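Rule-based calculations on the coordinates, nothing more; no lab input. These numbers were taken from a predicted model, which means no experiment stands behind them.
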Amino acid sequence: MSTPGPLRPSRVPPMPEIPKGEIVSTYDRYEHAKHAVDVLARASFPVQQISIVGNDVRSVERVTGRLTYGRVALMGALSGAYLGLFLGLLLFIFQPDNAAILGVFVSAVVIGAGFGMLFGVLSYAMNRNRRDFSSVMQMVATRYDLVTEPELVQQARQILTASTQ
């Protein structure tokens, strides 16, 4: 039995690193930086040489609402219904008798919704008064730099300047 050798360089995933180069322009919003790259792409600029670098990244948690037993039950029922729909689809694919397929789908969705609702309400009841709100977590940068190779900076700046006039 032979032991495997070291991984070849082509199989090793590259480690993430901050792109090197010069800053072409800086934007306050990601959408503006993305639009600038679109402008460069339409002008036949080699956009594979451009990177959008987010600076001063912060974690932002946006509160979306207050949790109640009713809301938790509804969210649990919906997620359980999706799982039931998936299981119903699997049963449909592997079941040789397709005559009762509607019943299989409906049963799987209802059972999934019931279990999802039950688990959601039980989980909420056990964690009550620790977190009575729902939220969405995002990573947001305070500014976005377009970075490219030093020899391409002037060309990129000229294209972006011409597009704003």
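What number, in percent, do you get for the relative contact order of the range 69-165 if the mean sequence gap of Cα pairs under 8 Å and at least 6 apart is divided by its residue count? Before the final figure, lay out each step's value.
Working: 75 pairs, mean separation 32.5, N = 97.
Relative contact order, the range 69-165: 34 percent.
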Relative contact order for the chain, counting Cα pairs under 8 Å that sit 6 or more residues apart, in percent
43
